[in-house]
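Worksheet: one structure, shown below.
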Amino acid sequence: MNSVTREIRTGEPDDATLVGRMADGNREALDLLYRRHAGWLTARLQRRCPDPDVVDTAVQEAFLAAWRGAGRWKPSGEFGAWLWTVGLRRLIDQIRRQQRHGRDVSWEVVGSEPVDSGELPLALTDTRVGSELSRLAPELQAVMVATAVEGLSTGETAILLGIPRGTVKSRMSRARKLLRTAISEGEQ
Amino acid sequence: MTSEHDAGGTDPDVTGPPEIGRPETELVRIWRSANVDPALEYRIEETLVSTVSGREALGRSVSAERLEVNRLIVMGLAAAPRRGRLERLLVRLGVSDSVARLATATPALRAAWLLATALALLFALATASNSTASGLDRVIVYLTIAPLVPLAGVALAFGTAVDPVHETTVATPIDRSRLLLIRTMTILVTSIAILVVGGALMGGPAVAAVAWLLPALAVTSGAIALSPRLGPQRAAATVGAVWILVVLLVGSVSGHSAAVFAPAGQAFWLVLAGVAAILVDRQRRHSRYFEA
């Protein structure tokens, strides 16, 4: 049991239970899961695509995938994490479709003033993204987060970020080189 | 505590630091600002989604109306049966969504019907290869069974008990008879494809692969013509029984078991199919469910 499952109030079924009920065709379970997860999923996907229609379609498809695939879902993982993976893939599918029609629906990664994470109101949990990644230029970070952290392919990353595949590859190798140097300098 | 509307349980009472200016909400504000680099953005997201309060804070950045509209869409789509491969193909070919759904949701297209058809064809194949007769007589079992395949399909295509999209059917602004025709066409196309392939395997004369076509049209349209009166299942059962009787009777009287498939017989089936089609068309005109 992880922290999220534990936190849910007593009396409310946890995600795994609800997924089990969905597998039996219980639509109320889908409704509850939607109310629990649609907000953050929409917010996170919106952060990756400026077009709200594209995001909404991806959210809908992710929940439908959960509904239809509930029987195959294994309760070992966390539902939220699974939903995120599916949602992100569906978003990429939708962006790809838009791009075929010549519409660009990607945010441009812009240079930014670094935020000092010490000034954040909450301590950040240890994530798969190490703080050393923050030393890279934003566009390199974006590629690294998409590939190394989210586990997207080069093609998927290219679609999500709205840049050519070649650019994804060159940025990846540049980022790796910089990280390697940073790590070896840190060891000395 | 900042507001009362959270009494319903959006505030976590288990974890998180004390509610000083809602740290999660503040974190979401920073996350939404443009000057967060991708790595930090991801770390903030992971931090937020790891707690219920963080998830809720993230969710509050999306309008409630938007989430509600999407919820209704998701619930509506979940209530509908899923779109199958054939349905997707039809939509891609330019058939409208609702027609594609209704045509392919035809219960008869389901595995049971296909399985029954396959078994019947295997049986026909077995009898054909053991038969000592020649010509069409050799494949008489196949010829007799073939028209029953679309007939059974049509029987299953309508009716509340066997129809997974019955509610959709009733709620769709297509009149029922047109729907019946859409489904019948789907069934006929599928049946003909299967039966022609099956017929080629039978090893009878080439004409055997198509000799059942007119009888099939005749019995199927006959069953449709009778279904307003008898109901689709009973109409199909009646017509099917009559068909088998006619084949057996004519066969034994003439001495050729495949006599009903001879040219004279074919002409008769053509006329019968035509009459049934006229009847169906007349019923269609008189029974528009959704006409003002």
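Here, each number is a calculation from the coordinates, and none is a lab measurement. Because the structure is predicted, anything quoted here is derived from the model rather than measured. Every residue, glycine among them, receives a Cβ derived from its backbone with ideal geometry; neighbour counts consider all protein chains shown.
Remark: spin-label model distance B:Ala267-B:Ser63 equals 7.3 nm, labels positioned 7 Å along the Cα→Cβ axis.
In this label model, B:Ile278 and A:Trp107 are separated by 7.1 nm, measuring between points 7 Å along each Cα→Cβ vector.
Give the calculated FRET efficiency between B:Val197 and A:Arg27 to the nearest 0.05, with a Förster radius of 45 Å applied to their Cβ-Cβ distance. So, using R0 = 45 Å, E works out to roughly 0.65. With R₀ set to 51 Å, the beta-carbon distance separating A:Lys177 from A:Arg68 gives a calculated FRET efficiency near 0.75. Cβ crowding within 10 Å ranks B:Val74, B:Val271, A:Val59 as B:Val271, B:Val74, A:Val59, fewest other Cβ atoms first. Amide H contacts under 5 Å for B:Ser61: none, restricted to partners 5 or more places along the chain or on a different chain, H placed in the peptide plane at 1.01 Å from N. Look at A:Met172, B:Met202 and count the other Cβ atoms within 10 Å of each Cβ; fewest to most, that gives A:Met172, B:Met202.
Were the residues from A:Glu12 through A:Ala123 laid out at 0.36 nm apart, the gain over their Cα-Cα distance would be 37.1 nm. Put in order of Cβ neighbour count within 10 Å, fewest first, the listed residues A:Glu185, B:Glu68, B:Glu24, A:Glu139 become A:Glu185, B:Glu68, A:Glu139, B:Glu24.
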